[in-house]
Structure formats: structure tokens, C-alpha cells
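What follows is calculated from the coordinates using simple rules that are stated; it is not laboratory data. Not measured: the values here are computed from a predicted model. Glycine gets a Cβ as well: all are built from the backbone with ideal geometry, and neighbour counts include every protein chain shown.
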Ligand SMILES: [Fe+2]
Ligand SMILES: [Fe+2]
């Protein structure tokens, strides 16, 4: 894969959809970049994809819903792979409030996002979206302090933000199609890239964070950076993430190695 690609949107359960794209990672393979839609009584869009795929992202979103009917945009955090089409979506969805934390609001303000659209929700709090209460969750790994994952107790879906992402050799539709060792190595590589502070973490506190996720008893893990992980994978993925502080830290290539990788790609 030479350039980011937008795939066709897919259905996850009766109300939940995935807007799936893939980003090439030179020398390492690809990374999924997922946004999600919960098409409930008050529709919720979770993240807004890559700016470089704006046309495809908006096309897939329009296939699923008239954006004017969106009521909430749940922003897991303010990184470019989650906010890429935020301004466009806000324009197309004048009835939607933007869910983030106070720090997220500060970052979005610097991007020019109108603050009156923001609705603050902190981890541990719930958001009433008519037919369900979405629970804001602090994920165990993250690369931005405002990161807020979310649990939908109706679909029992855990929208885990950057957590549970994996660098993969090629795009796949479902995480269960990935060989076990490839999945483990890809997840540990991503976890150490995305959360380089794992080496400094208090292990008991980290284990408690994993335990709190386990207690949610999720039926699926819907990561921003992993294909759909169904119920059979929830426990194996929790175990892999629990071992992440022991993984060797990621060291990126230097310029010479990068040039070799790019030439070979
Ligand atoms: Fe991130
Ligand atoms: Fe991300």
C-alpha cells in the first residue's frame, strides 16, 4: 500500500457501523484508522478519520446517515488521525455536540473549533443518548492525555481509542483473521510506539486499569487502530495489552534505514 485508502463502511451490529481506512507505515506495514457510527435514537459519530481521505470519508458517512441527523461527535482525542474531517463534519452536522474533556476542548480551540459546540464528559461519567447511556472510560494506553474511550452497554462494544491498535502486514477485515503471533507482535509494537511511557509505569496501577476494562465484560473491542475484534478475542487482547510494559521499546529507523525501506516498498 503506497497511500492511505478508504474502504467501504461495514456493519458491526444492528446499530453500529465502522468507517474503515488504512494508512501505510513505511517499513512496518499498515495501520487501521477507524471511525464508528452508533445509529441509535441520538446518533453518535466516534472520531472523524483522516483529512487526506476527506472525500471518501464523507461519502461513506453519507451512505450511513444524513449528517444533519447526527447529535453527538465523540472525539476520543485530538490527534490528526481522529480529527481529520472534524471541521467538515461539524459543518454538515449543525445539530451535533462535540464530546471531549476540558483538555480536549483546549486543544480543539487551538484548531479553531467553535467552543460552543463542545460538551464535556470525563472518564467515569455517562452520556445520555436517548436509548442508551454511553460510559466514558480511561483507556490503559494512550498518546494524548485527553483520550477518552467509551463503552456502549447496549451493544457491549468498547470503543477503545488508540488502545488495542496493531501495526499489521496488510489490511484485513477482522482481527480474528490475523495469525496469533502477528497480532501479538503488531499490538506490542503499536503499544510501545503509542505509549512510550509504558516502561516507566507503576505496574500495579497499570494492571488495575486492565482489570477495570475486563470488568466491563465487553462483547467487542472497537479500536481506532485494529480491525473488528469479536468476543473470542476480548480476553486474548486484554492479556496482550497487559504484557505491554515488558515489551522492548520501539526504536524507529534512522534516515538511511528509512530510505532503504522506502526504496523497497
Ligand atoms: Fe493518538
Ligand atoms: Fe490514533
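Can you give me the distance in nm between label points at residue 200 and residue 230, each placed 7 Å from the Cα along the Cα-to-Cβ direction?
4.1
Rank by packing, highest mean first: peptides 52-60, 241-249, with packing defined as the count of other Cβ atoms within 10 Å averaged across residues.
52-60, 241-249
Using per-residue counts of other Cβ atoms within 10 Å, averaged over each peptide, order 88-100, 194-206 from highest down.
Sorting 88-100, 194-206 by mean packing, highest first, produces 88-100, 194-206.
Can you grab the distance from the C-alpha centre of the range 51-70 to the C-alpha centre of the range 126-190, Å, no decimals?
Centre-to-centre (Cα) distance: 21 Å.
Using only DSSP helix segments of four residues or longer, with each worth -39500 (n - 2.57), what per-residue ellipticity at 222 nm results for the chain after dividing by its residue count and rounding to 500?
Values: 8 runs with 81 residues, N = 265.
Mean residue ellipticity, 222 nm, calculated: -9000 deg cm²/dmol.
Once Rh is set to the Kirkwood radius over Cα pairs, what Stokes-Einstein translational diffusion coefficient, in µm²/s, holds for the range 17-78 at a temperature of 4 °C and a viscosity of 1.567 mPa s?
This corresponds to a translational diffusion coefficient of 104 µm²/s.
In units of 2.2 N^0.38 Å, what is the alpha-carbon radius of gyration of the chain? Spell out each step's value before the answer.
Details: Rg = 17.6 Å, N = 265, 2.2 N^0.38 = 18.3 Å.
Compared with the compact-globule rule of thumb, the chain sits at 0.96.
Looking at the chain as a GNM with Cα springs under 10 Å, which of 127, 70, 228 has the largest mean-square fluctuation?
Highest fluctuation among the options: 127.
Cα-based Rg (one decimal) and Dmax (whole number) for the range 136-262, in Å?
Calculated on Cα positions, Rg and Dmax stand at 14.7, 50 Å.
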